[in-house]
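> Structure below; questions to follow.
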Amino acid sequence: MKFNADEIASVIQAEIEKYESAIDVREVGTVLEVGDGIARVYGLSNIMAGEMVEFPSGVNGLAFNLEENSVGVIILGDYLQIEEGDEVKALGKLLSVPVGNAVLGRVLDPLGNPLDGKGPVATSELRPVEFLAPGVAGRQPVREPLQTGIKAIDAMTPIGRGQRELIIGDRKTGKTTIAIDTIINQKHSGVKCFYVAIGQKESSVANTIKALQENGAMDYTTVILAGASAPAPLQYVAAYAGTSMAEYFTYKGEHALIVYDDLSKQAVAYRELSLLMRRPPGREAFPGDVFYCHSRLLERSCKLSQELGGGSLTSLPIIETLEGEVSAYIPTNVISITDGQIYVQPDLFFKGIRPAMNVGISVSRVGGAAQIKAMKDKQVAGGLRLALAAFRELEAIAQLSTDLDAATQSRLDRGYRMVEILKQPQFQPLEVVDQVMVIFAANSGSLDDVPATRVQAFEKEFLQFMRDLRPEIRSQIAEKKELTPELKTALTDAIRQFKGTFAKGK
Amino acid sequence: MAGSRGKSETIDAGRQHLGTVYAKALLGAAEKAGQADHVVEEVEAIVSDVLNKLPQLDEMIKTPRLTHEERLPILERAFGGRISPTTMTFLKVVSKHGRLDCLRAIAHAARKQLNAARGRVEVHVETAFPLNNAVRDRISSRLGELLHRDVVLSTKVNDDLIGGLVVRVGDTVYDASVAASLKRMAQVTLDHTKQAIRESLDRFALPT
């Protein structure tokens with residue numbers, strides 16, 4: 001597009017003509033020392049904690065440490081242009097980020113500046129990055145499900161809107177994939193998604209963004225990126241900035257989902273800042289308030305009361321463990337803050353059980369209330385966790401003894417097929433109706449005579465069959481959200497019918 | 001700690017803090033003797049007229065190589081008889097504690113504390129052109145009315161301001177300079193124009 005210079009000039013002229021000069025009053029200080037993303041400033045005697053300051057180069061900072069003789073400032077941006085002796089100006093306001101529909105579909109830095117080359121974020125609405133979580137009166141219990149589209153999770157550790165479910169595990173075990181699948185599955189649910197990448201390789205974030213784009217999930221998703229090369233202050237602030245953008249929708253009565261990938265790196269960034277600020281180190285050299293750093297962040301995820309619009313913010317924080325060590329400082333902290341955890345293990349992952357979720361120690365403390373009745377049914381996911389636990393025990397015993405009685409063998413076979421049916425390839429989330437039908441089929445024993453290697457093919461063809469030939473069952477489950485005895489009979493009948501064709505096609 | 005750079009005078013937070021402590025003690029002792037103003041003037045004179053002009057002496061009294069006993073005769077010879085006994089004793093006490101390197105900070109802090117105690121306020125005014133006495137007095141009295149205090153005015157000429165003046169009281173800066181005004185106008189105009197263009201792109205597009 002070509003611009004008309006005269007028109008622009010006339011606008012500028014009008015601006016100049018109506019410009020009114022006022023005395024600029026500012027509170028100032030002087031930079032004493034600067035480095036590694038922090039600055040020590042002399043002066044600024046009336047500044048408050050968390051207040052924004054501006055350096056001459058235009059870079060902003062946050063008052064982080066108020067000491068007797070100086071102020072510790074964390075620098076949100078390029079600190080290499082700041083010199084000793086520079087004048088620092090207090091701005092008298094809190095750090096805010098742009099919010100609104102304009103941020104959806106964008107890749108932004110923690111200050112809301114675009115990183116995707118799609119031009120400025122067209123919104124005038126701002127929201128403070130640090131915001132107090134709603135109190136007890138402003139909340140209500142979780143009651144709507146947030147479908148992840150992953151069978152194992154929706155069946156056994158269901159997540160409700162407003163819940164905080166931790167995804168924890170070693171590196172390369174598919175933690176991010178679970179989160180991305182969940183985002184992809186929100187395509188038709190109207191949930192706005194926010195993916196906060198903290199301290200990650202930019203190449204892996206680029207892959208994530210590509211996956212989101214290819215699956216059409218970028219239309220309702222914002223990526224907030226503070227990569228591995230970003231200074232520690234930005235990595236620290238990123239989580240709060242993303243939450244603030246998501247909260248905008250929550251307080252408007254809508255639903256939002258935020259993924260923090262990952263909070264261990266955020267804690268490390270916070271540790272770096274705190275040590276540079278000479279705050280006393282505690283366990284694992286983390287500062288004493290690293291718990292508060294995470295708790296105040298995750299408390300902002302909530303299900304708001306009807307008076308406040310009933311919006312929700314669901315969060316999926318991710319924590320990376322070292323060699324499965326969940327009793328380290330940060331993992332125990334975040335486990336205790338969240339409403340449950342999905343524990344992913346490398347040995348399961350390499351066995352081909354993907355998602356590599358350890359069913360035994362993964363829990364969801366509040367999500368059960370939000371699960372739909374059809375899924376909660378005894379013949380679907382109701383007894384699944386216990387059945388799988390019993391299977392694991394049996395499997396361990398079976399490894400020791402050679403000859404098993406027929407009953408035990410059949411329970412083992414059922415277990416193997418159950419494990420097989422809970423496997424799911426990435427970026428292929430399933431609708432909850434499909435999940436219910438598949439798990440019902442496996443639970444009813446229809447798979448017992450299907451070889452374990454054919455289970456996934458069975459699942460695929462069965463769902464196709466139901467979609468093409470028995471759509472009324474699907475729509476009824478979707479509508480009633482419950483498996484009535486009639487529906488169960490119809491479903492069993494459909495399974496029998498399908499098995500006839502499936503056996504023939506073998 | 002901070003090194004030396006030209007933008008403003010070097011600030012060393014640690015020394016500043018020590019300076020306020022010693023200055024408080026100095027003023028306490030001098031007030032008792034009823035000569036606080038005189039003593040502060042003397043300490044300031046030592047810094048500005050002696051130490052600043054004789055860097056070697058400055059280095060000599062600062063160096064940790066000399067012990068207090070070795071330093072005493074130097075102090076006696078340099079200042080003995082020329083300054084009041086209170087000031088002399090104070091210098092000796094500071095020397096005994098090995099804090100003569102903080103003398104500048106002490107002088108600065110003492111002046112500040114004395115001003116505060118006397119209900120005076122330091123105001124720093126920067127202008128683009130040298131001020132004549134009449135204007136100085138007017139600025140001073142007007143500021144005094146506004147701040148409800150006696151004003152101790154210090155001035156500086158800064159060409160970059162183009163016009164107008166910048167008044168600094170403590171950490172607060174009142175910037176009424178032409179330079180700041182122009183800068184702000186540029187920013188406001190840019191912001192508004194950008195917004196206007198974004199809101200109605202077709203108005204600015206050339207007809208094709």
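> For the range A:81-142, restrict the atom set to alpha-carbon positions and state the Rg and Dmax in Å.
Just the Cα atoms of the range A:81-142 yield Rg and Dmax of 16.7, 53 Å.
> Provide Rg and Dmax in Å for chain B, with only Cα atoms included in the calculation.
Rg and Dmax of chain B, Cα atoms, are 24.4, 90 Å.
> Could you tell me the convex hull volume per residue, in Å³, taken over the Cα atoms of the range A:158-252?
Residue-normalised Cα hull volume stands at 110 Å³.
> Rounded to the nearest whole Å³, what is the per residue volume of the convex hull around the Cα atoms of the range A:1-118?
171
> Can you give me the C-alpha center-to-center distance between the range B:56-123 and the range A:462-506, rounded to a whole angstrom?
Comparing the Cα centres of the range B:56-123 and the range A:462-506, I get a distance of 95 Å.
> Let me ask another. Which net charge results for the neighbourhood of A:H188, defined as the other residues with beta-carbon distances under 12 angstrom from its beta-carbon, given Lys and Arg at +1 and Asp and Glu at -1?
Its environment carries a net charge of -1.
> Could you grab the Rg to Rh ratio for the protein assembly as shown? Cα atoms only, Kirkwood for Rh.
Here the Rg-to-Rh quotient is 1.14.
> Place a label point 7 angstrom from the Cα of A:Q213 along the Cα-to-Cβ direction, then list the residues of the range A:97-134 whose backbone nitrogen is under 15 Å away.
Only A:105-108, A:115-119 fall inside the zone, counting backbone N under 15 Å.
> Considering every residue in B:173-181, what mean count of other chain Cβ atoms within 10 Å of its Cβ is obtained?
Across B:173-181, the average partner-chain Cβ count within 10 Å equals 4.
> Under 17 Å between alpha carbons, and skipping anything fewer than 8 positions from B:K92 in its own chain: which lysines qualify?
Qualifying lysines at Cα under 17 Å: B:K24, B:K62.
> Would you report the distance distribution of C-alpha pairs in the range A:375-505 as whole percents per 10 angstrom bin, up to the bin with the largest distance?
11, 42, 34, 11, 2
> What Kirkwood hydrodynamic radius, in Å, does the range A:256-333 give when the mean of 1/r is taken over all pairs of distinct Cα atoms and then inverted?
Final number for the Kirkwood radius of the range A:256-333 is 14.0 Å.
> Additional query: Can you tell me the 0 to 90 degree angle between the C-alpha axis of helix A:263-276 and the longest principal axis of chain A, rounded to 10?
For A:263-276 against chain A, the angle is about 30 degrees.
> Pop a pseudo-label 7 angstrom from the Cα along the beta-carbon direction at both A:S10 and A:D36 and give the gap in nm to one decimal.
Simple spin-label model gives 5.8 nm for this pair.
> What trypsin sites (Lys or Arg not before Pro) does the range A:1-69 have in DSSP loop regions with at most 15 other beta carbons within 10 Å?
A:K2, A:K18
> Same structure, new question: Give me the distance between the Cα centres of the range B:140-164 and the range A:45-123, rounded to whole Å.
The range B:140-164 and the range A:45-123 have Cα centres spaced 31 Å from each other.
> Also, quick follow-up: For every other residue with a beta carbon closer than 10 angstrom to the beta carbon of A:V432, add +1 if it is Lys or Arg and -1 if Asp or Glu, then tell me the sum.
Summing Lys and Arg as +1 and Asp and Glu as -1 gives -1.
> Counting only other chains, what is the mean number of Cβ atoms within 10 angstrom of the Cβ of each residue in peptide A:25-33?
Across A:25-33, the average partner-chain Cβ count within 10 Å equals 5.
> Sum up the charges of everything whose Cβ sits under 11 Å from the Cβ of A:R278, counting Lys and Arg as +1 and Asp and Glu as -1, but leave A:R278 out.
Around A:R278, the charge tally is +1.
> A follow-up question, please. Show me the GluC sites (Glu not before Pro) within the range B:1-106 that DSSP assigns to loop and that have at most 15 other Cβ atoms within 10 Å of their Cβ.
Here the sparse-neighbourhood loop sites are B:E9.
> Just in the range A:143-212: which trypsin sites (Lys or Arg not before Pro) are loop by DSSP and have at most 14 other Cβ atoms within 10 Å?
When the trypsin sites (Lys or Arg not before Pro) of the range A:143-212 are filtered for loop state and at most 14 Cβ neighbours within 10 Å, A:R143, A:R171, A:K172, A:K201 remain.
> Turning to a different aspect of this structure: Ratio of Rg to Rh for the range A:27-94, alpha carbon only, Kirkwood?
Result: Rg/Rh = 0.89.
> Two decimals is fine: what is log10 I(q)/I(0) at q = 0.07 Å⁻¹ for the range A:98-371, from a Debye sum with one equal scatterer on every Cα and no solvent?
The Cα Debye sum returns log10 ratios of -0.22.
> Divide the volume of the convex hull of the Cα atoms of the range A:83-203 by its number of residues and quote the answer in cubic angstrom per residue.
213
> What Kirkwood hydrodynamic radius, in Å, does the range A:430-506 give when the mean of 1/r is taken over all pairs of distinct Cα atoms and then inverted?
Final number for the Kirkwood radius of the range A:430-506 is 12.5 Å.
> What FRET efficiency comes out for the pair B:S84/B:F129, r = Cβ-Cβ distance, R0 = 30 Å, nearest 0.05?
The computed FRET efficiency comes out at 0.15.
> So, in nm, how far is label B:V188 from label A:E479 when the simple model puts each one 7 Å beyond its Cα toward the Cβ?
6.3
> Taking the Cα of A:Q426, stepping 7 Å toward and past its beta carbon, and measuring to each backbone N in the range A:323-354: which are under 16 Å?
Residues A:344-354 fall inside that zone.
> For the pairs A:K252/A:K460; A:K172/A:K460; A:K303/A:K480; A:K252/A:K480, note any where the Cα-Cα span goes beyond 31 Å.
Checking Cα-Cα distances, A:K252/A:K460 exceed 31 Å.
> Still on this structure: Could you work out [θ]222 nm for the protein assembly as shown from helices alone, using -39500 (n - 2.57) per DSSP H run of at least four and dividing by all its residues? Round to the nearest 500 deg cm²/dmol.
Only helices count here, giving -13500 deg cm²/dmol.
> Still on this model: Starting from the exponent 0.38 and prefactor 2.2 Å, build the expected Rg for the range B:13-116 from its residue count and divide its actual Cα Rg by it.
The reported ratio for this selection is 0.99.
> Report, as a whole number in µm² per second, the diffusion coefficient that Stokes-Einstein gives for the range A:316-355 at 37 °C and 0.692 mPa s using the Kirkwood radius over alpha carbon pairs.
Reported coefficient: 294 µm²/s.
> Give me the log10 of I(q) over I(0) for the range B:119-199 at q = 0.14 Å⁻¹, as the Debye formula computes it from C-alpha points; what are the numbers?
Cα-only, vacuum Debye calculation for the range B:119-199: -0.55.
Computed from the coordinates by the stated procedures, all read-outs in this text should not be read as laboratory data. All values derive from a computational prediction rather than experimental measurement. Neighbour counts run over all protein chains shown; Cβ positions are idealised from the backbone, glycine included.
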